[in-house]
Every structure is written in C-alpha cells, then in structure tokens.
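The values are calculated or read from the model by the stated rules, or taken from the named source; none is laboratory data. These numbers were taken from a predicted model, which means no experiment stands behind them. Every residue, glycine among them, receives a Cβ derived from its backbone with ideal geometry; neighbour counts consider all protein chains shown.
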Amino acid sequence: MSALASTSSFIGNTCAFKKSAQKTRKEVLVTPMSALRGRSLQNTPEGVSIDKKGADFFNKTYYPKAEDVDNSRKPWVVVDATDLRLGRMASVAATYLRGGNVATYHPSFTTGVNLVVINAEKVVVSGKKFEEKLYRNFSTTGRPGSMKIETFRHLQERLPERIVEKAIKGMLPKNRMGREVFRHLKVYRGSEHPHAAQNPTDITKDLLAKCGGAACLVNSEERK
C-alpha cells in the first residue's frame, strides 16, 4: 500500500508540475510583443493600455503632419538670378522647392516653398555654352520630324523663362511628386512679378552662399 501511495503521489506531483509549466507558457505567450522588446512599462502614457493595438507611443521619430504640407501655409521666397550660374542656381532652387533646407523634410512629402525667380534673362553659363548648349523642341506635333533646335543665346533672347524652368525641373524627381513640386515654381523676365501680395522673402544671398559663393557668379568676361 505504501508503494502504491508513493507512486500515486509522484504522479500527482508530476501532473501538477506539467499544469504549472503550461500555465507559465501561456502567460508568456499572452504577454504583448511591445513588452518583450525591452521597453519600460513605466513610460506608458496615462490612460493607454500597453496590450492594445494602435499607435506606437515609444517611437519618437518625427513624421510630417498635414499642416506641414498645407499649400496655404507654404512660405513665399524670391531669387534674383542676375549673374548667377544656371546649374548651381537650379540645384539649390530645387532643394528649396522640395524642402530639403528645413528640419521637417521628408522625401515623400512636399514640405518646400513657393519659389519666385526674377531676372531670368540675366542668368548665365560659363565657357562656350552660350553657343554650344542646345535646346530641342517638339511642341509643334510631338514627332521627330518637327524638332526645332536653338542655342542658349537664342532661347535666352526669345523665352528666358524656359531656360530656368527646364534646368530646375531636370533636378526634381521624375514622378507625380516632382510634377506637383514644379507647380510651386514661378519664373519671370525682369524684376517685376505679380506675387507682391504674398510678401516673398529675398533669399538670393542665402542661395548664393549655398551654391558656392563667388563660384556661383559669372564675371563680365565669361558672359561674352
């Protein structure tokens, strides 16, 4: 009888141990993953349960909000293109349009500014690009047989706004967002523009510093 009693006691203890192990395993599985990542539960915001699915309150990475991309809140800036090198000016202008100069920049959002470029006819290029840089136009029918070719100097005399627009557009993303960003670019011949009501800020000096300072300017000898 004693042997039988000890055997039943051993079996009972074994079953109790198995039940305890299963219960512990279930408790571990029920524990939410957010608590298993080494995150402290003491930092949980008040009124928020850690085992509820939703926003990650521990992620502090900034992400643009709706007000950051609201077109009505975009600042207006103006750039005087007089004696500025075309390529250097266009690269910095594209950065301003995309918002790469602000802390809220995100590559999938248009967090830039509304950019106004004046004196487009005074933008310059270096070397022999005045005569050797060519622009091709298919606007008549869109077919190669209707292609028209003109030099930089000729296009600058006829339609200088197109030179600046093509240079800046070529440095924007080739997708839907790039087309949306390009809509915020305004280029004009001369120093007058119809956006005085928006009180644009003159950023010519800042743009000149970002594009290389004196290296961004072309002297009178290079203009010949």
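A few notes on this one:
- Qualifying positions in segment 174-191 - in contact (Cβ under 8 Å) with a residue 24 or more places away in the chain and either closer than 21 Å to residue 123 by Cβ or not hydrophobic (A, V, I, L, M, F, W, C) (or both): 180, 181, 182, 184, 185, 186, 187, 188, 189, 190, 191
- Residue match in segment 60-70 (condition: among the hydroxyl-bearing types (Ser, Thr, Tyr), farther than 30 Å from residue 192 by Cβ and at pLDDT 85 or above): no
- Restricting segment 80-107 to residues that are outside any helix (DSSP H, G or I) and touching a strand residue (DSSP E or B) at 6+ places or on another chain (Cβ under 9 Å), the residue that is surrounded by the fewest Cβ atoms within 10 Å (Cβ to Cβ): 82
- Among residues of segment 108-125 being within 18 Å of residue 183 (Cβ to Cβ) and part of a loop (DSSP other than H, G, I, E, B), the one that is farthest from the chain's Cα centre (by Cα) is 113.
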